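Q: Please find one structure pasted underneath; my questions will follow.
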Amino acid sequence: MRALTLWLLSLALLALPAASLAGEGDPLLSVDDLLSLEESYEAFLSELEALAVERGLLSESERAAWHDAQLGDFYQNGGYGSILINYTPDYLSYAREEETLLLLSAQLSGGGRLDMVTMRRYTPQDSSLSGLMLTPSVTDASGLPVDAQYTFSADSGVFLKWDALLGAYVTVGATAVSAGESIVWSSQTPLPDAKNPVIAISIADARSGEAIAAAELTLTVDGEGYRLEDGALEGK
């Protein structure tokens, strides 16, 4: 079968503003470093996928899935790697769900909305990440962003946060606080009879500390890992 493959080296990191880089000497970039590039990187992907569809290298039906797979790979590999456009039918069916970026949303009491950027699946045994990435943001009833503080707690596993001095994620315990930066949830490979872990999220006003809303994120035990279904995030 004739193979027609276009490989493009991802040079997105060259455009990274100096202020958002990890500290000098840090061996790795954090998820927050990569998030600072998300808007420009997605714009680049949008132009690239439009060209790929035009040239017949990517079907329109697989366009959205390809886009999400490239974003997931970008985060998994710390901003380095290759972007693959291949006309092989159903090529995306071979993509690992651990490498697929996912955006979950939940309506909150009072009309606001909680968004959570994460991954579709987390497999502790072979994940290239420290755990399941969780990046929260909230908007009010008018759709305007809210300056909020998020407290994560879980009935199993532990949370990690990025330490710029160490250049690595460090364990902070069964509870973690975020001002919108990424939190990572990590656990062991689930036992066959393991219950679905539930991560509770409380949201407070960053200035006053007044509680705004709460939500829960349910992880579904799936073989040797954990899967996030489309309705995994629920407002309370």
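The values are calculated or read from the model by the stated rules, or taken from the named source; none is laboratory data. These figures come from a predicted structure and were not determined experimentally. Here the Cβ is made from the backbone with ideal geometry for all residues, glycine too, and neighbour counts use every protein chain on show. Ligands, DNA and RNA are excluded from the accessible area calculation, which covers all protein heavy atoms including side chains. Shrake-Rupley method; radii C 1.70, N 1.55, O 1.52, S 1.80 Å.
Q: What number of residues within the range 114-141 satisfy the criterion of being part of a strand (DSSP E or B), of a type outside the set (S, T, N, Q) and touching a residue at least 40 places away in the same chain (Cβ under 8 Å)?
A: 11
Q: Let me confirm something: among Leu144, Leu160, Leu165, which residue is in contact (Cβ under 8 Å) with a residue 24 or more places away in the chain, open to solvent by 60 Å² or more (accessible area, probe 1.4 Å) and among the aliphatic types (A, V, I, L, M)? Reasoning before the result, please.
A: Values: Leu144 fails: in contact (Cβ under 8 Å) with a residue 24 or more places away in the chain; Leu160 fails: open to solvent by 60 Å² or more (accessible area, probe 1.4 Å).
It is Leu165.
Q: So, one more: What number of residues within the range 181-223 are loosely packed, with under 15 Cβ neighbours inside 10 Å, under 20 Å from Asp115 (Cα atoms) and free of Cβ contacts under 8 Å to residues at least 24 places away in the same chain?
A: 3
Q: If you don't mind, there's one more thing I want to ask. Name the pairs: first residue in the range 42-62 and farther than 19 Å from Gly72 by Cα, second residue open to solvent by 20 Å² or more (accessible area, probe 1.4 Å) and of a type in the set (S, T, N, Q), Cβ to Cβ under 8 Å, at least 6 apart or on different chains?
A: Val53/Ser59; Leu57/Asn86
Q: Let me confirm something: among Ala200, Ala214, which residue is farther than 20 Å from Leu160 by Cβ and assigned to a strand (DSSP E or B)?
A: Checking each option against the conditions leaves just Ala214.
Q: What residue, among those in the range 37-72 that are assigned to a loop (DSSP other than H, G, I, E, B) and open to solvent by less than 60 Å² (accessible area, probe 1.4 Å), is nearest to Met119 (Cα to Cα)?
A: Leu37
Q: Shifting gears a bit: Given (1) open to solvent by 20 Å² or more (accessible area, probe 1.4 Å); (2) part of a strand (DSSP E or B); (3) farther than 25 Å from Asp33 by Cα; (4) modelled with pLDDT under 95, where does Tyr226 come up short, assuming only one miss?
A: Failing condition for Tyr226: (1).
Q: Of the numbered conditions (1) assigned to a strand (DSSP E or B); (2) of a type in the set (Ser, Thr, Tyr); (3) out of contact with any Lys or Arg (no Cβ under 8 Å at 6 or more places or on another chain), Thr189 satisfies every one except a single condition; which is it?
A: (1)
Let's see how each residue does on (1) among the β-branched types (Val, Ile, Thr); (2) in contact with a helix residue (DSSP H, G or I) (Cβ under 9 Å, 6 or more places away or on another chain); (3) modelled with pLDDT of 55 or more:
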site	(1), (2), (3)
Arg2	no, no, no
Val31	yes, yes, yes
Phe44	no, yes, yes
Glu47	no, no, yes
His67	no, yes, yes
